Structures are given as structure tokens and as C-alpha cells.
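S.K.: Let me begin by handing over the structure; questions about it come next.
We did not get these values from a lab; they are worked out from the coordinates using the rules stated. This is a predicted model, so every value here is computed, not measured. Neighbour counts are summed over all protein chains in view; Cβ atoms, including those assigned to glycine, are modelled from backbone coordinates with ideal geometry.
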Amino acid sequence: MRLLPRQEKFFAMLLNQAEVIAKAADLLAVGVTAGNSRLKHAADEILILEHRGDEIIHEIFTKLNQTFITPIDPEDIHHLSSTLDDVLDGIEDASFRIVAYQVEPIPDAIKELANILQGCASNLLRALQALDRHEKVLESCIEINRLENEADRVERSAVAELFQNEKDPIRLIKLKEIYEVLEATTDSCEDVADLLQNVVLKNS
């Protein structure tokens with residue numbers, strides 16, 4: 001079953017969004033591991049990718065307005081694209097804050113959350129690729145849900161540790177914000193996974 005035929009181009013554009021997200025998540029994960037000098041360069045590259053994401057979502061919305069018959073519900077296409085955009089915005093926001101707040105050293109919790117987010121992004125891409133190959137998306141969606149739960153656990157533990165051990169109130173505020181942005185971005189990944197499953201159910 002092909003939910004989004006190639007000739008309609010919607011699927012290709014959604015897949016392009018997922019590819020951009022995966023690249024941005026890779027840059028973030030590598031950047032936080034390498035440290036702030038590398039992260040600054042990565043953040044600049046992520047910002048470029050975020051602008052590309054804005055262009056893609058604009059293309060999708062423009063095509064939606066110009067297309068009388070869409071391969072699936074236009075609302076589903078709109079929601080998928082918008083929620084994918086939320087993921088990319090979250091990655092860019094996190095990279096910006098880590099650099100702008102001059103977080104040094106970068107805590108292990110940030111590295112762990114970035115790695116979890118990288119896993120979510122790669123599974124989003126895998127899920128959309130599975131649709132293109134007429135394969136099931138459920139496995140990737142389940143993995144995204146598992147990773148989101150793990151991100152929630154890491155974020156809660158990291159925030160609790162901050163309030164217990166961090167003596168610098170400014171650093172506490174900075175890190176708490178970054179933890180929350182990273183965890184919220186994994187929530188957006190889970191939202192995309194839920195939408196994909198709903199689209200499959202509606203069109204099966």
C-alpha cells in the first residue's frame with residue numbers, strides 16, 4: 001500500500017524533512033560530545049538545516065493549497081509536516097542555547113539526551129522510508145516511544161540532581177532549560193510517530 005504516491009510529491013517532501021532532521025540530530029550529538037568549539041560550528045550548520053526545513057514546509061503548505069485531491073487527508077499531511085518542523089526547531093533551539101549559554105563543561109545528561117534524540121530522528125526517517133517501501137512503520141514508532149520514555153527519565157533525573165547539587169543558580173537555570181528543550185523535542189518525535197500510526201490505520 002502506497003499512502004503517499006510519488007507523483008503527488010507530498011511523500012518526497014515529508015521524507016526530505018525527515019532527512020534534514022536526521023542530519024541536524026547527528027550534528028547535535030557529535031557536537032555535544034566533541035565540546036563547545038565543535039558545537040559552535042555544528043550549531044551554525046544546524047541553523048542552515050533549520051532554514052531548509054522552513055523552505056520544505058512552505059513548499060508543502062503551498063502545494064496543499066494548490067492541490068484539489070491529495071493522497072491522504074490534507075489535515076494529516078499538514079499535521080505531519082508541522083510536527084516534523086517542531087522536531088527540527090527543537091534541535092536548533094537546543095544547539096543555540098548550549099552555545100549561547102556557554103555551557104562548559106557539557107554535562108553527561110545533555111550528551112545522553114542528544115544521543116536519544118539522534119535515535120528518535122533516525123527512527124523517524126526509517127519509518128517514512130518504510131512507508132515508501134510498503135513496509136510496516138510500527139517497529140520504528142515503538143522504538144521512538146521507548147526512546148521518549150528514556151529521555152523523560154534522563155531529564156527528570158538530571159533536573160533532580162541539579163536542584164540537589166548545583167550551587168550556581170545561573171548554571172542551574174541554564175541547564176534546566178536545555179534539559180527541558182531536549183526532552184520536549186523527543187516528545188515531538190513521539191507525536192510524529194503517533195501521527196504516522198494514525199495515518200496508516202485510517203488508510204489501511
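S.K.: Gain in length, Arg153 to Leu47, computed as 0.36 nm per residue apart minus the alpha-carbon separation, to one decimal in nm?
M.R.: Values: separation 106, 0.36 × 106 = 38.16 nm, distance 2.80 nm.
Length gained, Arg153 through Leu47: 35.4 nm.
S.K.: Taking the alpha-carbon distance from Lys9 and a cut-off under 16 Å, which lysines remain once sequence neighbours fewer than 8 residues away in the same chain are dropped?
M.R.: Excluding near neighbours in sequence, the set is Lys63.
S.K.: Ok, one more. Calculate the spin-label point distance for His58 paired with Val30, positioning each point 7 Å from the Cα along the beta-carbon direction, and give it in nanometres.
M.R.: Each label point lies 7 Å from its Cα, and together they span 2.7 nm.
S.K.: Please list, or write none, the lysines whose alpha carbon is within less than 16 Å of the alpha carbon of Lys202, excluding same-chain residues fewer than 8 places away.
M.R.: List returned: Lys136.
S.K.: Convert each backbone phi in region 158-175 into a coupling constant with the Karplus relation 6.51 cos²θ - 1.76 cosθ + 1.60 (shift: θ = phi - 60°), then list the ³J(HN,Hα) values in order as whole Hz, x for Gly and Pro.
M.R.: So the Karplus estimates, Gly and Pro as x, are 5, 5, 4, 5, 4, 5, 8, 10, 6, 8, 8, x, 5, 5, 4, 5, 4, 5 Hz.
S.K.: If you don't mind, there's one more thing I want to ask. Are there cysteines in the chain with no second cysteine's Cβ under 4.7 Å away, and if so, which?
M.R.: Cys141
S.K.: Using a Cα-Cα cut-off of under 30 Å, which lysines could be cross-linked to Lys111, ignoring same-chain neighbours fewer than 8 residues away?
M.R.: Within the straight-line cut-off, Lys111 pairs with Lys23, Lys40, Lys167, Lys174, Lys176.
S.K.: Here's a follow-up. What FRET efficiency would be calculated for the residue pair Asp73, Arg133, taking the C-beta separation as r and a Förster radius of 25 Å, to the nearest 0.05?
M.R.: Plugging the Cβ-Cβ distance into 1/(1 + (r/R0)^6) gives 0.70.
S.K.: Provide the convex hull volume over Cα atoms per residue for region 78-134, in Å³. Present the calculation step by step, with values, prior to reporting the outcome.
M.R.: Details: hull volume 4.1 nm³, N = 57.
That works out to 73 Å³ per residue.
S.K.: Here's another thing I want to ask about it. Where in the chain is the longest stretch that carries no trypsin sites (Lys or Arg not before Pro) classed as loop by DSSP and with at most 16 other Cβ atoms within 10 Å? Present the calculation step by step, with values, prior to reporting the outcome.
M.R.: On the way: sites that count: Arg2, Lys9, Arg133, Lys136, Lys167.
The longest such stretch corresponds to 10-132.
S.K.: Quick one: Tyr179, Tyr101, fewest Cβ neighbours within 10 Å first, how do they rank? List each step's numbers first, then the result.
M.R.: On the way: Tyr179 23, Tyr101 15.
Taking fewest neighbouring Cβ atoms as first place, the list is Tyr101, Tyr179.
S.K.: Quote the FRET efficiency, to the nearest 0.05, computed for Lys40 versus Gln66 with a Förster distance R0 of 41 Å and r equal to the Cβ-Cβ distance.
M.R.: Details: r = 40 Å, r/R0 = 0.98.
Efficiency for this residue pair is about 0.55.
S.K.: Test of understanding: extend the Cα→C-beta vector of Glu104 to 7 Å, then name every residue of region 41-56 with backbone N under 15 Å from that spot.
M.R.: 41
S.K.: Considering all alpha-carbon pairs of the chain, what whole percent are spaced by more than 26 angstrom?
M.R.: Values: 7133 of 20706 pairs.
The answer is 34 percent, as a whole percent.
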